[in-house]
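The values are calculated or read from the model by the stated rules, or taken from the named source; none is laboratory data. Remember, it's a predicted structure, so these values are computed and weren't measured experimentally. Backbone-built Cβ (ideal geometry, glycine too); neighbour counts: all protein chains shown. Calculation scope for accessible area: heavy atoms of the full protein, side chains included, ligands and nucleic acids excluded. Shrake-Rupley method; radii C 1.70, N 1.55, O 1.52, S 1.80 Å.
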Amino acid sequence: MSVQTEGTDTAGEPAVRKARVPASPRGDDRTFGAPSRRRAAAPYLLLLPALLATLVLLGWPLVKNGMLSFQNLNPRQLIQHLTEWNGVDNYKEVLTAEEFWRVVERSVFFTAVNVVLIMVLGTLIGLLLARLGKRMRLLLLFGLVLAWAMPVIAATTVYKWLFAQRFGVVNWVLDTLGWHSMADHNWLETQFSTFAVVTLLLVWQSIPFVAINLYAATTTIPRELYEAAALDGAGTWKGFTSVTLPFLRPFLYATTFLEVIWIFKAFPQIFAMNEGGPDHLTETLPIYAFVEGVGNQHFGLGAAISFLTIAVLLVITSYYLRMVLKQEEDEL
């Protein structure tokens, strides 16, 4: 049996050993806080390259365009390297012109019609994809992806060939079916028929995005909810409104928002089809800005129109976002 004795110092008194006080688990505030701050700043550091690229590629041209909208810039100023500031004269000239407001009304109506058609047809095809078998689903997806991947100008050229006056496939089919008066019909002769062809093109190009997006959303819906709804006696329509639609609503909101922007700023389809004709009756705001700025070489005026186009688009999207946020608040 060993007996532990306390040590003594030289004076014979017991030596008191000082217990080592353990360090605080938090440690020094500076050494503890630095990693936390680094972890908090890491997402912003990762986003920094993308933000810098956005500012350089989008922000700087937007600033230059804004400066240009306050200048009188015509071929004479370009040749002589002159900078003539004219304040808000370009905006006054645009806003007091009746043509501008007719183009705004036309652009809003054109966007609304296209977005409604795209969302309705795209949603129906997306729901169809969810119900098809594997082989038919792959076949339909393959066709949608091909339509979606076709370059815009190439697709517009194909549609011009389809609706050509003399050798178009559409006129030939209609003539074969008995409508002989359509054998030499000019589809780009009137405002309505030109917009009809452009609308068909835009809807054909946009449906794949909506359909694939909505089909992907349906794959996230738990099957147990459908089984529970069926046990409660819900039919097909009731199951759609009570199970499918609530899950798809956020995707529908986001997709509609993107389609509004896509259709409103559609430029190559309309310009390559008929250059805003006939008689400028199919010009939307992007076409109107290009014709006034580049076509007529009134670059300051075109810059002002482009900024007003952005303003109109912001008004439309802000109204839509307010509706979406109000809907979400009501659901909560």
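Think of the chain as having a plus end and a minus end, set by charges on the Cβ of Lys, Arg, Asp and Glu; of 191, 218, 262, 218 sits farthest toward the positive end of this dipole. Between residue 321 and residue 58, the distance separating the two model label sites (each 7 Å from Cα on the Cα→Cβ line) works out to 1.2 nm.
Compute the acute angle (0 to 90°) between the alpha-carbon long axis of helix 299-331 and the principal axis of greatest extent of the alpha-carbon atoms of the chain; round to the nearest 10°. Once rounded, the angle reads 60 degrees. Taking a quarter of the surface of the Cα convex hull of segment 81-221 gives a mean projected area of 14.9 nm².
Once you've got the Cα coordinates, tell me which of 92/326; 265/326; 64/160 are over 29 Å apart. Beyond 29 Å: 92/326; 64/160.
What is segment 190-255's relative contact order, in percent, from Cα pairs under 8 angstrom and six or more apart in sequence? Spell out each step's value before the answer.
On the way: 20 pairs, mean separation 27.2, N = 66.
Rounded, it is 41 percent for segment 190-255.
Provide the packing ranking of 211-223, 263-275, i.e. peptides ordered by the mean count of other C-beta atoms within 10 Å per residue, highest first. Kindly include the intermediate steps, with their values, before the conclusion.
Details: 211-223: 15.8, 263-275: 19.1.
Top to bottom by mean Cβ count within 10 Å: 263-275, 211-223.
Counting only alpha carbon atoms, the long axis of helix 98-131 and the longest principal axis of the chain meet at about 70°. In the complete set of protein chains, residue-level accessible area for residue 98 is approximately 130 Å², probe 1.4 angstrom.
Given the choices (i) -0.19, -0.26, -0.67; (ii) -0.22, -0.30, -0.74; (iii) -0.40, -0.50, -0.99, log10 I(q)/I(0) by the Debye sum over Cα atoms at q = 0.06, 0.07, 0.11 Å⁻¹ derived from the coordinates of this structure is entry (iii).
Cut-off 19 Å, label point 7 angstrom out along Cα-to-Cβ of residue 128: give me the residues of segment 193-211 whose amide nitrogen falls inside. Taking a point 7 Å out along Cα→Cβ of residue 128, the residues of segment 193-211 whose backbone N falls under 19 Å are 200-211.
When ranked by the protection proxy of mean other Cβ atoms within 10 Å per residue, highest first, what sequence do the peptides 295-302, 192-199, 71-78 form?
Values: 295-302: 19.5, 192-199: 17.8, 71-78: 15.6.
Answer by packing, highest mean first, reads 295-302, 192-199, 71-78.
For the chain, the share of accessible area belonging to carbon and sulfur comes to 67 percent (1.4 Å probe, ligands and nucleic acids excluded).
Leaving out ligands and nucleic acids, and using a 1.4 Å probe, what accessible area per residue does the chain come to in Å²? Show your work: numbers first, answer last.
Details: 22000 Å² over 332 residues.
Roughly 66 Å² per residue, with all protein chains present.
On the basis of the beta-carbon distance and an R0 of 22 Å, residue 267 and residue 95 show a calculated FRET efficiency of 0.50. For helix 152-162, report the angle its Cα long axis makes with the longest principal axis of the Cα atoms of the chain; keep it between 0 and 90° and round to the nearest 10°. It is inclined by approximately 30 degrees. Packing here is the average count of other Cβ atoms within 10 Å per residue, and on that basis the peptides 227-237, 181-191, 102-112, highest first, run 102-112, 181-191, 227-237.
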